[in-house]
1. Can you go through 92, 127, 62 and tell me which one is under 24 Å from residue 5 (Cα atoms) and of a type in the set (Lys, Arg)?
2. Could you run through region 95-121 and say how many residues are surrounded by fewer than 22 Cβ atoms within 10 Å (Cβ to Cβ) and either basic (Lys, Arg) or within 12 Å of residue 59 (Cα to Cα) (or both)?
3. Just give me the residues in region 14-58 being over 25 Å from residue 87 (Cα atoms), assigned to a helix (DSSP H, G or I) and not aliphatic (A, V, I, L, M), in sequence order.
4. Step by step: first the residues of region 64-79, then only those that are assigned to a loop (DSSP other than H, G, I, E, B) and over 8 Å from the mean Cα position of the chain (by Cα), then the one that is modelled with the highest pLDDT. Which residue is that?
5. Which residues, taken from region 22-75, are among the acidic types (Asp, Glu) and either closer than 14 Å to residue 93 by Cα or surrounded by 16 or more Cβ atoms within 10 Å (Cβ to Cβ) (or both)?
6. Any residue that is at pLDDT below 90 and of a type in the set (Ser, Thr, Tyr) - is there at least one of those in region 120-129?
7. Check whether at least one residue in region 120-136 is outside any strand (DSSP E or B), within 29 Å of residue 17 (Cβ to Cβ) and more than 10 Å from the chain's Cα centre (by Cα), and report yes or no.
8. Are there any pairs with C-beta distances below 7 angstrom linking a residue in region 102-118 that is over 20 Å from residue 47 (Cβ atoms) to a residue that is surrounded by 15 or more Cβ atoms within 10 Å (Cβ to Cβ), with the two at least 6 apart or on different chains, and if so which?
Amino acid sequence: MMRAWLLPMLFVLCGSAVGAAQIVNGDIAAAAVLLLVFLALAGVNSPLIFPKSIGAQEAQRRSAVDGRPVVFWRPGCTYCMRLRLRLGRSARRAYWVNIWRDPAGAAAVRAVNDGNETVPTVVVAGRPHTNPDPGWVREQLSRSV
């Protein structure tokens, strides 16, 4: 759990240090702007922007029933953020598995990516797709409804 929040906490700490340095230099406006930028970076890199993660086995069971894609991801991954943001509201229809919280999910990703934890890995109808185009994933989500 702590590992998922490491990058956001570093952004907050760095933003605080940079903001404090700007305040010491007498530039309060720059301090406020920089702090807001670092807070935004922390928010985007936090697990909060992703739908609630479930375990890999539960996600695969549910996907077998309703055909929805399973997305394996990890916090701090720019490609995962890109996928999540480009999917918009439709991202909630997929099953999201945080591989840093679920060892079975990490093992499933390694099994299909030559031993690497390459994410996002999207599984549709039992077939894995590593770092797929967000438009394609959106199309798969619309088919599964």
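The values are calculated or read from the model by the stated rules, or taken from the named source; none is laboratory data. These figures come from a predicted structure and were not determined experimentally. Here Cβ is always computed from backbone atoms with ideal geometry, including for glycine, and neighbour counts include all displayed protein chains.
1. 92
2. 4
3. 14, 15, 16, 19, 22
4. Applying the first criterion (assigned to a loop (DSSP other than H, G, I, E, B)) to region 64-79 yields 67-69, 74-77.
Subset that is over 8 Å from the mean Cα position of the chain (by Cα): 67-69.
Values: 67: 89, 68: 92, 69: 95.
Checking each candidate, the answer is 69.
5. Step one: filter region 22-75 for residues among the acidic types (Asp, Glu), giving 27, 58, 66.
Within region 22-75, 66 is the sole residue that qualifies.
6. We begin by selecting, within region 120-129, every residue at pLDDT below 90; these are 125-126.
Going one step further and asking which of them are of a type in the set (Ser, Thr, Tyr), we end up with none.
No - not one qualifying residue is present in region 120-129.
7. First pass over region 120-136, keeping only residues outside any strand (DSSP E or B): 120, 125-126, 131-136.
From the residues that got through so far, the ones that are within 29 Å of residue 17 (Cβ to Cβ) too are none.
Looking for residues that are outside any strand (DSSP E or B), within 29 Å of residue 17 (Cβ to Cβ) and more than 10 Å from the chain's Cα centre (by Cα), one finds none in region 120-136, hence no.
8. Pairs found: 110/117; 112/121; 112/128; 113/121; 113/130; 116/110.
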